[in-house]
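The values are calculated or read from the model by the stated rules, or taken from the named source; none is laboratory data. In this text, all values refer to a predicted model and were calculated from it rather than measured experimentally. Quick reminder, even Gly has a Cβ in these numbers, built from the backbone with ideal geometry, and neighbours come from all protein chains shown.
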Amino acid sequence: MATDADRYAVASQAQLIWWRFKRHRMAMISMVVLAVFYILALGADFLATSDPQATDSRTSYIAPQPIHLFDADGSFRPWVAGIKGVRDVKTFKLVYTVDSNRRVYIEFFGHGYKYSFLGLETDRHLMTLKDAQRGEGIYLFGTDLLGRDLWSRLAVATRVSLTIGLVGVTISLFLGVLLGGLSAVYGGVIDTIIQRAIEVIRSLPAIPLWLGLSAALPNDWSVTQVYFAITIIISLLTWTDLARVVRGKFLALREEDFILAAELAGASQLRIVFHHLLPSFTSHIIAAVSLALPAMIISETSLSFLGLGLRPPAISWGILLQDAQNVQTLALAPWLLLSAVPVVLVILAFNFLGDGLRDAADPYG
Amino acid sequence: MIAFVTRRLLLGLLTTWLISVLSFAIIQLPPGDFVDAYIAQLASSGSAVSAEEARSLRELYGLGQPFYVQYGKWIARVVVGDFGESMEWRRPVIEVIGDRIWLTLALSFAALIVTWTLALPIGIYSAVRQYSFADYIFTFFGFIGIAVPNFLLALVIMYFAFTMLGASVGGLFSAEMTLAPWGWEKAWDLIKHLPLPAVILALAGTAQLVRIMRANLLDELRKPYVVTARAKGLSEMRTVLKYPVRAALNPFASNLAYQFPQLISGGIIISIVLGLPTVGPLLVKSLVAKDMFLAGTIVLLLGVLTVIGTFISDLVLMWVEPRLRHQLD
């Protein structure tokens, strides 16, 4: 019978980290939250209930509509209220409002707009409406000025905003590990130059520079080109924290006995770096990355919010929040603020996850 | 100590230089040279520029010559205070910016003061009374400060003020004071309007610093010398403030210096949401309209302000932190 102490003694480092991480309850919850968000991002088009780009003046500013699960006879048959056009007696304009007497039934795995999922062309969606008239839809989170369904737009925006963070962090990580590593391994003049450069970059006001650089992106660039350009612009100023972490860990580990042993055994500099040093602080890097991600996401959201980041027809959290910029609009359509909820949740979750990982990164401490 | 100040000063100059190059690059980035853009702008508003004028403008800015020559010509004029002409406003850039730059500075400094005066006592309290009710409250607000981007916070506060109080909380002046000439009354009006945007702007930084201060102080409080001090009968107040707090101040203070760039950055966004008459809205408008001299100048001025602000923070830091004063002697 192995006791807990025995198990502890023979556990691998990954296991130790996992055990330590499991004790951080908020970090565990955050991991689940983030997993849900990334699944949502992956299946965004499948989960979308209507085309996120389709505009319809009839459905402008419809308040969030609940899904009723049971029909009048008590059987399970989800439905939403339809819409009807009412002639305004004063202006003779046709005004569309929610018609709670009309029931439009929901069909699961029905046909909707076409999209491609992992290279497969399909038009299946989780929920669509059966026999819907034009303008009717499942408006879980309401619609915006142009009558686009906020839930569907939010799903697609989540994919854009979450991946922009990942791509950006990858670039920052590359720069950070490279420059932080160089700084620590070579020391001397190279170290001084890189360290001063980091100090200078950290004291630059980021937003004005980002704004200036992203305003210069040509107007005729495609959504994808702008997407990558924005990520690169953001990463150029955000690699410094990662470089500091890498350098600090490098310097601390270089003094350890096992590195000396490797040197005495005749291992080359490269082998020591990649075989001995990097694996022993990968966990620290992962922790630093999960703390850098939220900053990345906030940056993209802020730039797009100001109209100088991603541009429509791209959909991201910042672009959705741009619609909510005006207080008068918000008073008319408060549900537009719902776009802020995923931003806050994801940033919080990444912070907790990063905290948990940082605590668990060094399981012997 | 002199070594520390000189080092900081040199770094500041280096940063200023880098910012000036970047600002000029931003002016240059849009495709086509800006004399073409200028002529097109004028033509669209009905007035024409003669070939002669265009040629002399090109001469003036050194267009067609290498980047460093153009940069040299530009910086030589910037140094004597000539920032060029705003294409959109058809007035010298410096006139368009006007006192917006000072209001930007006022907002950032107010936020900095809020950060300093809140973060330190809250950090100390949260560490000394760890897991108390107030500690949980502060931690909760801290997480809000970290997780909610400040423009979102501004948006939400605006929304609730508008729907619940029916009041607009934006702006830095009351309506009747906006166009009034500067005087005591206007300054007082500004002081009355400043706290809300300053607090919104300061929240993220404060939350971050509270967490740093709390963690550092908790580490210090567990050390044996604190027990010794208590055993010797020092009052609790003195035990905490005299040694552990000063020891915990170092990482706290070195982080403080980087608050100013973040405040300048954040100020731009919340100014747009709250409609504050700082350079923020002007910068975004000029970038959208490709009014590059205006945009470049604003980036340059903000950068220089950041350098000055960081330098001042460094001096304050040196004053509160004896180890820094002596380590480089």
Anything in the stretch A:99-119 that is hydrophobic (A, V, I, L, M, F, W, C) and modelled with pLDDT of 80 or more? List them, or say none. A:V104, A:I106, A:F108, A:F109
Please determine, by comparing only the residues of the stretch B:300-326 that are of a type in the set (A, V, I, L, M, F, W, C) and at pLDDT below 80, which one is farthest from B:V5 (Cα to Cα). B:V320
If we ask which residues in the stretch B:130-166 are more than 8 Å from chain A (Cβ to nearest Cβ), under 28 Å from B:I264 (Cβ atoms) and either aliphatic (A, V, I, L, M) or over 26 Å from the mean Cα position of the chain (by Cα) (or both), their number turns out to be 6
What are the residues in the stretch A:266-290 that are closer than 27 Å to A:Y38 by Cα and either among the hydroxyl-bearing types (S, T, Y) or touching an Asp or Glu at 6+ places or on another chain (Cβ under 8 Å) (or both), if any? A:T282, A:S283, A:H284, A:A288, A:S290
Considering B:R100, B:R91, which residue is within 14 Å of another protein chain (Cβ to nearest Cβ) and of a type outside the set (F, W, Y)? B:R100
Only one of (1) part of a helix (DSSP H, G or I); (2) more than 11 Å from chain A (Cβ to nearest Cβ); (3) among the hydrophobic types (A, V, I, L, M, F, W, C) does not apply to B:V307, and that is (2)
Yes or no: the stretch B:253-268 includes at least one residue that is at the interface with chain A (Cβ under 10 Å from one of its Cβ atoms), assigned to a helix (DSSP H, G or I), in contact (Cβ under 8 Å) with a residue 40 or more places away in the chain and among the β-branched types (V, I, T). yes
Can you name every one of the helices (runs of 4 or more DSSP H) wholly within the stretch A:1-113 that holds 2 or more residues which are among the hydroxyl-bearing types (S, T, Y)? A:25-42
Subset of the stretch A:194-216, residues within 7 Å of chain B (Cβ to nearest Cβ) and touching a residue at least 60 places away in the same chain (Cβ under 8 Å), comes to A:A206, A:I207, A:L211, A:A215
Whichever residue in the stretch A:322-347 is within 11 Å of A:A157 (Cβ to Cβ) and at pLDDT 90 or above and, among such residues, is farthest from the other protein chains (Cβ to nearest Cβ): A:P342
Let me confirm something: among A:L175, A:L150, A:L94, A:L126, which residue is of a type in the set (A, V, I, L, M, F, W, C) and out of contact with any strand residue (DSSP E or B) (no Cβ under 7 Å at 6 or more places or on another chain)? A:L175
For the stretch A:130-139, give me each residue that is among the hydrophobic types (A, V, I, L, M, F, W, C) and at pLDDT 80 or above. A:I138
Answer yes or no: is there a residue in the stretch B:313-328 that is under 25 Å from A:I298 (Cβ atoms) and touching a residue at least 40 places away in the same chain (Cβ under 8 Å). yes
